[in-house]
Structure formats: structure tokens, C-alpha cells
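What follows is a set of notes on a single structure, which appears directly below.
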């Protein structure tokens, strides 16, 4: 579906309402009275609507296990008392979800039974109870609900959570596995706009990737092996080499199933090791504690902002480092994740920068640093 078509219509789906006529976020920002519950006196419940929206990538995106040029997604909208919250599900291949599974899940959801959006725990617990999986679909509803409630309160979520927006870190910008010429081109495109780059590794050309980037820039690097390394001693040797070449952190060195080898690497590594594929939700943290230095929280894995906030605080209580990441997403989901950015050690929030058909303006990257909007909710403007 094209951008303009999405904004005009929900498009041929059996949805809980029309997505037509998306209004600008600004209309619910400037004069928002606090705590608008049944302001119109109608007692109406929440109205959920949704439509598929395929994201177009600027470059073919390659990691250790696959390549792709598009990412399937579903855009979600929650309406209540003249206010609108926006959400999004993004489904890269490894999540095992699709547009069809997301739509199938959303068709089960009846939010009309809730006439008070501030009952967030109750609403999201109900949504979570509908299936054991479907993290991206649940995240779409969670993000839309947070956006809606923030608008009703007239505050962005980073303020509701009591965070200092100036403490948001620089975001990495991701360079996927590719030929040397393409890697040089990608690096030249981004090196002067970011303070740290993220490099996908995990194949047999890891050192070639790093050396090629070093021909262009000496910026600090983060690397993500995406479970690609197979031998723990070789992996550890590579991590020492990476440190000598300006790498500052490593994500998911080996298979998430191989907890012992990941723990062995973490114990000996000169760089912090973060769990990515090995961590999905809050309940996973106890099982990986000690095997990694930190966790990478992604809304599409953990069902959204509500659980992400809980994971962040749990990890801090366990003295673990925290990273906030994203999939390939529009500025909707990226801006939702960015609300947590002032509380993390590393941020990889570039998903909206990797696509050509964004629907929104939200979190901005200024001089490489995450810059949060003061607009309420998740800080979106509809383009």
C-alpha cells in the first residue's frame, strides 16, 4: 500500500474501524486538558483500526542469516473521545510473524469493552492473554495506547517516566553485510551524521568489513554477530581484534541456544556483550543473567513500551547494562522506543532512517544524538 493510500484508507481489510483521515498529531497537543476521560460524555470505548504497510529499504539489508529489501508491517490506530494514538507492528523474518498473523491476532482484540484508556495494565494484560506469542501485534496496540494516553495527559512518555531528555545517547547507524564497494558507499553516506556506527558481522568476511569501514572513518563501532559465530575461542579472539580496531560493544556473539558458550565469552571478553535474540521478554532475564553483560530491548519482541520499561528497571536492579533497539520501522515505533533512551547505555534507533516511505516525523537525530520531541504521547507528527 502506498503512503497516501494508507493515510486515506484502511484498505480492504476487515478492521475494527476505518483508518481513513489520519489527523495531525498537533491537533491533540496544544490545548490538551489533563486526563480526558469521557470528555464528550458518550461513554464510548476504544476504537481499534489497522492496515498493512510494507516498508521499503534504502539498501538491501544483509545479516548473517538472510537478506531483504522490504519489511512487512501493519499500522495501527486507536481512537477515543476525539484523540488518536498511533502504533505499529514490524515483522522481520526471524520473528516468525507476518502480516497475516498480525491481522489474525488483531481481529481477536475487542477494545470496545474498555471506556477508560488509563486502565493500561488491565487493557494490555487482556491483550497479552489472547495468545502466548504475537509480540509485534501486541506491541502495535501497546504503542498506540501509550501514544493515546500521553496525548490525553498532554505529556510525552519520557516526561511521564521522569527522565531527562538531554541524557539520551547517540544512536548507532547500521551497516549491513555487503561487498567492500557497497560498504564504503554506505559508510560515506552516514559517517559525518553519526557518532557511532553498528556493523553486522557473523560471516567469514568480518575483518574485511571492519577494515573497509576503517578506510572511510575512525568512528567508534558496535558489532552485531546475530548468532553467526560458531566457535567460542575463535569468537573471543575476534572480539580482542575488534577492540583493537575501535569496537566498543558486541551483540549476540553465538546462538541464543548456546548459553554456556555465550557465558564463557562474556566472562573473558574485553568488551560488553549484549543479548539480542536470546532476550525477548521480561521473564527471560533471569535465565540469561550472568551469560551476558546486558540486554537489547526491542518493542517488537517484548510486546511494547509497558514491558520494555519493566525490563529496563529489572535489568538495572540486576546491575546489567541496557540497550534499546528497533527493527526496520517507521518513526512511530522508533519514537516509542526512544522514550526510554535517556535511561539506557546504548541506543540503536535507526530503523526509520533505513526506509524511504516513512509516515511520520518523530524522534530526530541531531549531530548523531537522539533528540526527543516535547509533543505528547510518543511525539509524532503525521506527514
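Where a number appears in this text, it was derived from the coordinates with a stated rule and is not lab data. Just so we're clear, the structure is a prediction, and the values are computed from it rather than from any experiment. Positions of Cβ are backbone-derived with ideal geometry, glycine not excepted, and every protein chain shown enters the neighbour counts.
Length gain on complete extension for the stretch residue 218 to residue 345, per 0.36 nm per residue less the alpha carbon to alpha carbon distance?
Stretched fully, the residue 218-residue 345 segment lengthens by 43.6 nm.
Using R₀ = 25 Å, calculate the FRET efficiency as 1/(1 + (r/R₀)^6) where r is the Cβ-Cβ separation of residue 267 and residue 207; round to 0.05.
Given R0 = 25 Å and the Cβ-Cβ separation, E is 0.55.
So for the chain: antiparallel DSSP bridges make up what percent, rounded to the nearest 5?
50 percent
How long, wide and thick is the stretch 95-213, going by the Cα atoms along their three principal axes, in whole angstroms, largest first?
Result for the stretch 95-213: principal-axis Cα extents of 57, 37, 18 Å.
Determine, for 345, 204, the number of other Cβ atoms within 10 Å of each Cβ, and report the residues in order from fewest to most.
Exposure proxy ranking, most exposed first: 204, 345.
Estimate the FRET efficiency between residue 108 and residue 68 by the formula 1/(1 + (r/R0)^6), using the beta-carbon distance for r and 30 Å for R0, to the nearest 0.05.
After rounding to 0.05, the efficiency reads 0.60.
From the helices alone, meaning DSSP H stretches of at least four residues, give me the mean residue ellipticity at 222 nm for the chain, per-run term -39500 (n - 2.57), in deg cm²/dmol to the nearest 500.
Rounded to the nearest 500, it is -9000 deg cm²/dmol.
Rank these for me by crowding, 233, 185, 277, going from fewest to most other beta carbons within 10 Å.
233, 185, 277
Which one of 298, 151, 207 has the biggest mean-square fluctuation once the chain is modelled by GNM with Cα springs under 10 Å?
Maximum fluctuation in the GNM of the chain, among the listed residues, is at 207.
Between the stretch 182-248 and the stretch 310-383, how far is it from one alpha carbon centroid to the other, in angstrom?
23 Å
What is the gain in length, in nm to one decimal, between residue 94 and residue 189 on full extension, counting 0.36 nm per residue of separation less the C-alpha to C-alpha distance?
Value of the extension gain: 31.4 nm.
State, to one decimal in nm, how far the label point of residue 160 lies from the label point of residue 369, with both points 7 Å from Cα in the Cβ direction.
Placing both labels 7 Å beyond Cα along the Cβ direction yields 2.6 nm.
As an exercise, use a Förster radius of 22 Å and the Cβ-Cβ distance of residue 318 and residue 257 to find the FRET efficiency, rounded to the nearest 0.05.
Once rounded, the FRET efficiency stands at 0.50.
If packing is taken as the mean number of other Cβ atoms within 10 Å per residue, what is the order of 114-123, 45-54, highest first?
Peptide ranking by packing, descending: 45-54, 114-123.
Label the stretch 159-382 by shape, choosing from rounded, prolate and oblate, from the square roots a ≥ b ≥ c of the eigenvalues of the Cα gyration tensor; if a/c is under 1.5 it is rounded, and otherwise prolate applies when a/b is larger than b/c, oblate when it is not.
oblate
Taking neighbour counts of Cβ atoms within 10 Å as a proxy for exposure, in what order, fewest first, do 247, 102, 216 appear?
Ranking 247, 102, 216 by Cβ neighbours within 10 Å, fewest first, gives 216, 247, 102.
Provide the gained length on full extension for the span residue 116 to residue 57, in nm with one decimal, where the gain is 0.36 nm per separating residue minus the Cα-Cα distance.
17.4 nm
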